[in-house]
Each structure stands twice: as C-alpha cells, then as structure tokens.
1. Out of Val119, Val155, Val123, which single residue is among the β-branched types (Val, Ile, Thr), without any contact (Cβ under 8 Å) to a residue 24 or more places away in the chain and under 21 Å from Leu89 (Cα atoms)?
2. So which of Thr159, Thr136, Thr122 is assigned to a strand (DSSP E or B), among the hydroxyl-bearing types (Ser, Thr, Tyr) and modelled with pLDDT under 95?
3. Kindly check whether there is at least one residue in region 168-186 that is crowded, with 16+ Cβ neighbours inside 10 Å and β-branched (Val, Ile, Thr).
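The values are calculated or read from the model by the stated rules, or taken from the named source; none is laboratory data. Keep in mind that this is a model prediction, so the values were computed, not measured. Here the Cβ positions follow ideal geometry from the backbone for every residue, glycine too, while neighbour counts run over all protein chains shown.
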Amino acid sequence: MNWIQRFPKRLQLLACLLVAMMTVVWLVVPVKMPPMVQAYLPAGATSTAAIAAPANSNVAVALKFYEAYNDRTKIGLLDQIFAPDYMGLVNGRRIPGVKAAKGFVLAFLDAFPDAYYAVEDTVAVGDRVVIRWDCTATHRGKFLNIDPTGQPIEVTGITIFQLKDGKISRLWNNWDTYGLMQQLQSAG
C-alpha cells in the first residue's frame, strides 16, 4: 500500500484534482520562473506561457494524425503534418520518411478498415505532445501474416510526437501488440 492509498477515496480524488488544476495553472498562467528553472525553458522564454502556447498548437497538429486514421479519405493530411525529415519508431520498428509512414498507415487500414482511434489523454509541453489512445477495429485484411478473422479488436497505446516548425519530425509509438495478437489468435 502506498502512502496515498491510506487516505479515503474522496480525499485521494481531491488530491488528484488539485494536482491537475495546479498543473493547468502552471502551464497557462504566465509565471515568472526562478533562474534555475529558466535554464530549462526555450531560448528567450521567461515564463511558463512560453511553454503553453506552442504546446497548444502542437496538440492540434498531433490530433490530425488520428484524423487520417479515422477517416481514410484524409490520408493526405499526413503530407501536411509530417516534416520532410520525419522519423517514426513504432514498437521498435523504424519508419523513415513520409512515404514509409503513409505506407504503414495504409497497411494497417487495409487490415482494419474500420479502425477508430479515440484519444483518451493528451499532455503537451514545449515541442512534445503525448497522447494515450484506444483503437477499436475489425480484422478484415491480412495483418502480420494472419489472415482476416472478422474478429473485433481493441488495442491501447501511447504516442509521443516531437514537432518542429509546426510539423511532426519524430514519433514514438508503443501499443499493446501482445494483447492484439491474443485477440486475433483467439478467433482462430
């Protein structure tokens, strides 16, 4: 039992809400930072507002990534949101360049044409956006050498985006591959 579990549930919830509110205030309200903290702010920034402003616009760009998955007709968004030097790392697999990224997305959508990504949590600081997501879909095409099963699946994951000049330059994506494979194999 950790220290917070010793308190009643309502007090635990109140503490979590307080921390969340303090975090939002810290990111939104321009607060003058001490010199030791200023060393970690972007060049020329003197307050937390310098972190929050680019982070908010970066979230909008990162969310377009899921738009492309959720509506196949919007796959062209990837050309707009990826930087020319884009590099992705998905479950340890390198995906260099926009063309390779589009190929990866299209291959996934061929196997799971009704894939829908629900964004559950978003955290943004500076040039990074972290999104926790949940994907539901139906296995209708070959995926990792597994023939279509018609099995509905649900998989969760976390993606970290790094943005430069308003475009995604790096992406690190980890999702529950084991859970997905268990779901597909249970159908067979």
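1. The match here is Val123.
2. Thr122
3. Yes, because at least one residue in region 168-186 is crowded, with 16+ Cβ neighbours inside 10 Å and β-branched (Val, Ile, Thr).
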